[in-house]
Every structure is written in C-alpha cells, then in structure tokens.
C-alpha cells in the first residue's frame, strides 16, 4: 500500500492531520486511526497491524481487522492511499 505523494502530514496532539493541496482536502484522524496510518507509512503488513492493534486495544481479531480495513478503505476513497 502506498501513500499519495505531495500530502502535507502533521502530527498534532498525537493525531495525524493530512492535507491534500491538489484536492484542497483536509483529513483529521482520531488516535486509533492515526496509529494505523503510522503503520501504513512504515509499510507494515496488514497482518502485523492486526496483531499490534489487538495488543494495544485488547480486541478480538475480527474487530481489529474490521477497524483496520475500514480505515484503509476510507483512506482509499479519499485518495490518501492506494494499492
């Protein structure tokens, strides 16, 4: 998974704020979404993200997978990440 080029990415209070100057779009991520986005930036594999998410948030695998996949799909829809 790749992150779109030319984004302005800032961390404010441990949360990511992403600005796409080409589309003039601003996206603010909550704490858990920011953590997942950080893993995306580090090119983590989804299975590794799921394991870490389970450890941090004490959820089952299905919930972790759902949360991660939902965020990835939303970021794809917004044009922030792509395959």
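We did not get these values from a lab; they are worked out from the coordinates using the rules stated. Predicted model, so just to flag it, every value in this text is computed and none were measured. All Cβ positions, glycine included, derive from the backbone under ideal geometry; neighbour counts span all protein chains shown.
Residues that are loosely packed, with under 15 Cβ neighbours inside 10 Å and not in a helix (DSSP H, G or I) within the stretch 30-81 comprise 30, 42, 43, 45, 58, 60, 78, 79, listed in sequence order. The single condition from (1) out of contact with any helix residue (DSSP H, G or I) (no Cβ under 9 Å at 6 or more places or on another chain); (2) touching a residue at least 12 places away in the same chain (Cβ under 8 Å); (3) loosely packed, with under 13 Cβ neighbours inside 10 Å that residue 7 fails is (3).
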